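Quick notes on the structure that follows.
The values are calculated or read from the model by the stated rules, or taken from the named source; none is laboratory data. It should be emphasised that the depicted structure is a prediction, and the values quoted were computed from it without experimental measurement. Ideal geometry is used to build each Cβ from the backbone, glycine not excepted, and the neighbour counts take in all protein chains shown. For the accessible areas, the whole protein counts, side chains as well, though only heavy atoms, and no ligand, DNA or RNA atoms are used. Shrake-Rupley method; radii C 1.70, N 1.55, O 1.52, S 1.80 Å.
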Amino acid sequence: LKDENEDLSEETKSLISSLPSDIDCSGTKLFKYQGCWYDKDILQAILNFNKNFQPQETDIIVASFPKSGTTWLKALTFALVQRSKHPSEDHHPLLSHNPHELVPYLELDLYLKSSKPDLTKVPSSSPRLFSTHMSFHALKVPLKESPCKIVYVCRNVKDVLVSLWCFENSIIGVDGSGDINQKESNLLEALFESFCSGVGLCGPLWKNVLSYWRGSLEDPKHVLFMRYEELKAEPRVQIKRLAEFLECPFTKEEEDNGGVDKILELCSLRNLSGLEINKTGKLSEGVSFKSFFRKGEVGDWKSYMTPEMEKKIDMIVEEKLQGSGLKL
Ligand code: A3P
């Protein structure tokens, strides 16, 4: 019989034996570490990262809670900082790679597969681009005094929940269109309950968001807090804000030549979701790239959540964010 913890280091085994644990709505055992829930393998990856990651001054980390617009922000950040390397629109890496391949996750990819991954092989060098769903507390340990930049995207909690539900449906093969069948509706209920209790991978959402919100207030030069809704409403303003933060602002000439709009168009949901790679490709774990692109609408939750659900989740979020100055 295989010991379920046999792949873990002694340090991780000892850590998890001391942490609170619970089971999420999919039956996975999660452990609460620094206020957020992770499974044992991700915890091992976080410890690997904490111990072995050597930051470079120019590193950029795209951070988010799952389903908040990560794929979009990865694409925008990659296209922005690499624009001088890929001036031709015909051969841009985003046309042949999914954004998740170009901006790998620290704890869900690099440090999950190896305790000391070879970071010279990451797709983007100087600056290197990484991503994470870890809370800011877990991320910042190995960054120490490094001046690297973190860009965080948050999104309305109800849209995140519905997006997560549709993502899970697409993974289990339900297409998300037409009438909601019993299986889908049960899954929505279960996800809703797990959202409200906070026990879910990388959750509670409010802890994740608040950690970066506070990080951005304390250190605005190194942590940028963005919102999916603002990116949708005023993409030109927001991408220029991102470019300034990353110290690669658009020149007047670039703006006059349509450089801002070219990046927005390249990274648009319509463009990315229509590319062959994103229609047919898969992550190494088997998840189809197309699952990361759906409607991209603000307020889509209204089509799926009952008024009771809305009321309950709004009350919880309001209470959790009280006093923080943040509204979601
Ligand atoms: P919906 O499910 O509401 O459509 P993540 O990238 O964090 O997994 O989030 C996925 C959500 O972002 C999905 O939302 C998806 O449609 C949306 N999305 C993906 N790529 C996008 C893009 N280029 N522009 C806008 N939204 C995008």
### Query
So what is the relative contact order for the chain, in percent, with contacts set as C-alpha pairs under 8 Å and at least six apart?
22 percent
### Task
Amide H neighbours of Y33 under 5 Å, at least 5 residues apart or on other chains, H built in the peptide plane: list them.
Y38
### Task
Would you grab the residues whose amide H sits under 5 Å from the one on S131? Only those 5+ places off in sequence or on another chain, please, with H modelled 1.01 Å from N.
V62, Y105, L106
### Task
Could you please report the charge total around S21, scoring K, R as +1 and D, E as -1 over all other residues with beta-carbon less than 9 angstrom from its beta-carbon?
+1
### Query
Anyone know which of D261, D24, D109 comes out most mobile in the 10 Å Cα GNM of the chain?
D261
### Query
Which lysines have a Cα less than 18 Å from the Cα of K311, not counting those fewer than 8 places away in the same chain?
K158, K302, K320, K327
## Note on the structure
The correct ranking of S135, S185 by accessible area at 1.4 Å, largest first, is S185, S135
### GNM result for the chain, Cα springs below 10 Å: residue of V237, V81, V260 fluctuating most strongly
V237
#### Entry: ³J(HN,Hα) computed for each position of the range 214-221 - Karplus, 6.51 cos²θ - 1.76 cosθ + 1.60, integer Hz, glycine/proline x
5, x, 6, 6, 6, 9, x, 6
### Query
Hey, if we sort V287, V317 by accessible area with the 1.4 Å probe, largest down, what's the order?
V287, V317
### Message
For K232, give me every one of the aspartates and glutamates with a C-alpha distance below 16 angstrom, ignoring sequence neighbours fewer than eight places off in its own chain.
### Response
D159, D261, E265, E297, D300
### Query
How large is ³J(HN,Hα) for each residue in the range 53-64, as worked out from phi by the Karplus curve 6.51 cos²θ - 1.76 cosθ + 1.60 (θ = phi - 60°), to whole Hz, x for Gly and Pro?
6, 10, x, 10, 4, 9, 4, 10, 10, 8, 10, 5
### Ellipticity estimate at 222 nm from DSSP helix runs (n ≥ 4, -39,500 (n - 2.57)) divided over the chain, nearest 500
-13000 deg cm²/dmol
### With every protein chain in place, the chain: carbon and sulfur % of accessible area (1.4 Å)
51 percent
### Summary
Summed over the other residues with a beta carbon less than 11 angstrom from that of D109, with K and R at +1 and D and E at -1, the charge totals -2
### Query
Say we join alpha carbon atoms closer than 10 Å with springs in a Gaussian network model of the chain; which of E184, E89, E11 then has the biggest fluctuation?
E11
### Query
Applying the Karplus parametrisation 6.51 cos²θ - 1.76 cosθ + 1.60 with θ = phi - 60° to the phi angles of the range 142-150, what ³J(HN,Hα) value in whole Hz is obtained for each residue in order, glycine and proline being reported as x?
x, 6, 6, 8, 5, x, 5, 10, 10
### Task
Measure out, as a whole number of angstrom, how far apart the alpha-carbon centroids of the range 214-269 and the range 25-75 sit.
23 Å
### Message
Can you tell me which aspartates and glutamates have their Cα less than 13 Å from the Cα of K74? Leave out same-chain residues fewer than eight positions away.
### Response
E101
### Summary
Of all DSSP beta bridges having both residues in the chain, the percent classed as antiparallel (nearest 5) is 30 percent
#### Entry: Cα shape, the range 249-318, gyration tensor, a/c 1.5 rule
oblate
### Summary
SASA check, L191, accessible area w/ 1.4 Å probe, all protein chains in place, rounded to nearest 10 Å², comes out at 10 Å²
